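Written below as structure tokens is the structure these notes are about.
The values are calculated or read from the model by the stated rules, or taken from the named source; none is laboratory data. It should be emphasised that the depicted structure is a prediction, and the values quoted were computed from it without experimental measurement. Reconstructed Cβ throughout: ideal geometry from the backbone, glycine too, with neighbour counts over all protein chains shown.
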Amino acid sequence: MKTLTRAIALGSFFLPALAQAHPGHATSSVANGFSHPISGIDHLLAMIAVGLWAGQLGGRARWQIPVAFLGVMILGGALGMAGIAVPAVEQGLVASVLILGVLIAAAVRLPAAASMALIGAFALFHGVAHGTEMPVNASGLNYAGGFLSATALLNVGGLALGTIAKARAPRFVQVAGCAIALCAVLLAIG
């Protein structure tokens, strides 16, 4: 209960920023960057799923998976900001949501290197999407700081949820994985 209370307190601290998560409200490069992962359902689901899967895996994966995601996302963001084309970004975004949902639903445990490589591939697509959608007048460093901060918070939120659920209701995480995968299917056909 103490962990849940802390998670809620941390989440409420960020509510003012979340209220401005929709495009058009952000007034700075950091706010623009922060709003991007939160305002797109594909990004939101994938980043929470990264944390859920890391929590489900437990052990060192609890920090390795989110750190790998953030690290490669920086590279993808730089590629996007530089205007370097990466093929099939939109398909990669939807595939990341679908595959993460399936991995969580099936409670798949891959070797650490394979898990991080897979997460890295997903992160590259998300980073490129963030970087290419950076507003023209935004500072690249501030914008990147914003989208990395939001991503880290979403990863930690998913990790906290996965960790709490693993201890109290292990099936909840798998049901959440099913819901994430279903959302990916709806994104693909919608």
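Structure values in brief
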quantity	calculated
Positions within region 142-174 being β-branched (Val, Ile, Thr), over 16 Å from Pro37 (Cα atoms) and within 18 Å of the chain's Cα centre (by Cα), in sequence order	Thr163, Val173
Filter result for the condition that a residue is of a type outside the set (D, E, K, R) and not in a helix (DSSP H, G or I), over Ala144, Ala138, Ala179	Ala138
Residues of region 154-190 that turn out to be within 22 Å of Phe69 (Cα to Cα) and among the β-branched types (Val, Ile, Thr), as a count	5
Qualifying position, being modelled with pLDDT of 95 or more, under 17 Å from Ala49 (Cβ atoms) and either among the aliphatic types (A, V, I, L, M) or loosely packed, with under 15 Cβ neighbours inside 10 Å (or both), among Leu75, Leu93	Leu93
Selection count, region 90-108, where residues are in a helix (DSSP H, G or I) and either touching a residue at least 40 places away in the same chain (Cβ under 8 Å) or of a type in the set (A, V, I, L, M, F, W, C) (or both)	13
Odd one out for Val128 among (1) loosely packed, with under 14 Cβ neighbours inside 10 Å; (2) in contact with a helix residue (DSSP H, G or I) (Cβ under 9 Å, 6 or more places away or on another chain); (3) under 21 Å from Asn155 (Cβ atoms)	(1)
Residues of region 78-89 satisfying the condition of being assigned to a helix (DSSP H, G or I) and buried (at least 16 other Cβ atoms within 10 Å of the Cβ)	Leu79, Gly80, Met81, Val89
Any hit, region 36-43, residues being touching a Ser or Thr at 6+ places or on another chain (Cβ under 7 Å), in contact (Cβ under 8 Å) with a residue 24 or more places away in the chain, surrounded by 24 or more Cβ atoms within 10 Å (Cβ to Cβ) and in a helix (DSSP H, G or I)	yes
